[in-house]
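Written out below as structure tokens is the structure these notes cover.
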Amino acid sequence: MNPLLTFDEIAHSLACPRCKSPLVGALNHCFCSNPACPLQSNRFRTVGSHLVLVDFNNSILAEDKVFSTGATSLVVRRKAGFLKSVILKMLFPTSGVTIKNIDRFIELAKEGTPQPTILVVGGGTVGSGTNSLYRDSAVRLIAFDVYGSPLTQIVADGHQIPLRDQSVDGVLIQAVLEHVLEPAKVVAEIHRVLKPNGVVYAETPFLQQVHEGAYDFTRFTESGHRYLFRRFAVIDSGAVQGPGTQARWTISHLGRSIFRSTLVEKLLLLMFFWVAYLDYFCGRRETVDGACGVFFLGKKSDRELTPREMVEYYQGAQ
């Protein structure tokens, strides 16, 4: 069962990306309800079945390109065949940490209601290890990305989430914060749209080479990631993948850099795929210091973590 809600089911939760006022009208004839809003005079247009809720004056997205391309992805995303899928799973095994954390995230979201509404930020594809979110018939999903997808209802920019205040029970944001210009602004938007005690789960790279080219901007240590979510009470946090996975990335990229060849990069990935499995032998605290990626699971809070508390929070081995 696909738990993605229909447009009619999410219409009451949608808001203007600029002023956050409710929207009025139908899918193909939608306006901001605030007469004082600069966007009020503009009809929010659709691309196919997707409503485009973007304030283009304050976004990396270009209006003409979004509509001229049919809101296709800014990055080429090719479908993998069976053999390639098997090889990719061997090279990039799904993190057991993610699978466990997603199950826990869903259960926490259900504490307030048996049918939680969960927002997926950057939900154009099913994220690695998140399948249980899409299989759970009790979960009601709202999802957006900067491009149109069968797994999303709207096209939007995470810096200006087009949802009303306190409208969702949970937010999932996986491998997205490295691709936004202002991560703190996106996290502030997540805090805004979450209901009291709403839960967030985030995964973000720490030691990884650039991916998705011009649309890759930021990395976070585990402590830096925690501070990014300082207006949330921590439930759990740590490394998703460790120094072994990070070393595999580095070896393959070193070959690409020396030989200026993506073919060499792929060959090295095949030759050294086993290095990632060394993660299982690394100490927990040492893994935090050399993580390939980090995670944060927390609940919305009215209290903000202080800078001094951040020093005490450090979970590494140094």
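The values are calculated or read from the model by the stated rules, or taken from the named source; none is laboratory data. Quick caveat: nothing in here was measured; it's all calculated off a predicted structure. Cβ sites come from the backbone with ideal geometry, for glycine too, and all protein chains shown count toward neighbours. Calculation scope for accessible area: heavy atoms of the full protein, side chains included, ligands and nucleic acids excluded. Shrake-Rupley method; radii C 1.70, N 1.55, O 1.52, S 1.80 Å.
Rg over Rh for the chain works out to 0.97, both radii taken from alpha-carbon positions and Rh defined as the Kirkwood radius.
Using Cα atoms only, what is the angle between the long axis of helix 96-109 and the major principal axis of the chain, expressed in degrees (0 to 90) to the nearest 10? Tilt of helix 96-109: around 30 degrees. Oblate is the label for segment 53-204, because the ratio a/c of its alpha-carbon gyration tensor axes (a ≥ b ≥ c) is 1.5 or higher and a/b is not greater than b/c. Working from the Cα coordinates of segment 107-167, the gyration tensor eigenvalues give, after taking √(5λ), semi-axes of 20, 16, 9 Å in decreasing order.
Normalised per residue, the accessible area of segment 113-178 is 28 Å², obtained with a 1.4 Å probe and no contribution from ligands, DNA or RNA. Around the amide H of A143, modelled in the peptide plane, lie the amide H atoms of V120, Q153, I154, all under 5 Å away and 5 or more residues distant in sequence or on another chain. To put it simply, the accessible area of segment 248-290 at a 1.4 Å probe is 69 percent carbon and sulfur.
Considering all projection directions equally, how large on average is the shadow of the alpha-carbon convex hull of segment 232-278, in square nanometres? For segment 232-278, averaging the hull's shadow over all directions gives 4.4 nm².
Normalised by 2.2 N^0.38 Å, where N is the number of residues, the C-alpha radius of gyration of segment 134-188 stands at 1.18.
When only the Cβ of Lys, Arg, Asp and Glu is charged (+1, +1, -1, -1), the dipole of segment 99-239 relative to its Cα centre reaches about 340 debye. Taking each pair of distinct Cα atoms in segment 259-309 once, what is the resulting Kirkwood hydrodynamic radius in Å? Here the Kirkwood hydrodynamic radius works out to 15.0 Å.
Once the Cα-Cα distance is subtracted from the 0.36 nm per residue extended length, the L181 to R284 segment shows a gain of 34.0 nm. Once the Cα atoms are used to define both axes, helix 243-259 deviates from the longest principal axis of the chain by about 90 degrees. Surface composition of segment 44-201: carbon plus sulfur atoms hold 54% of the accessible area, using a 1.4 angstrom probe and ignoring ligands, DNA and RNA. Dividing the mean sequence gap of close Cα pairs (under 8 Å, 6+ apart) by how many residues the chain holds gives a relative contact order of 17 percent. I'd like to know which of P150, G123, Y201 lies farthest towards the positive end of the charge dipole of segment 95-245, counting +1 on Cβ of Lys and Arg and -1 on Cβ of Asp and Glu. Farthest towards the positive pole: Y201.
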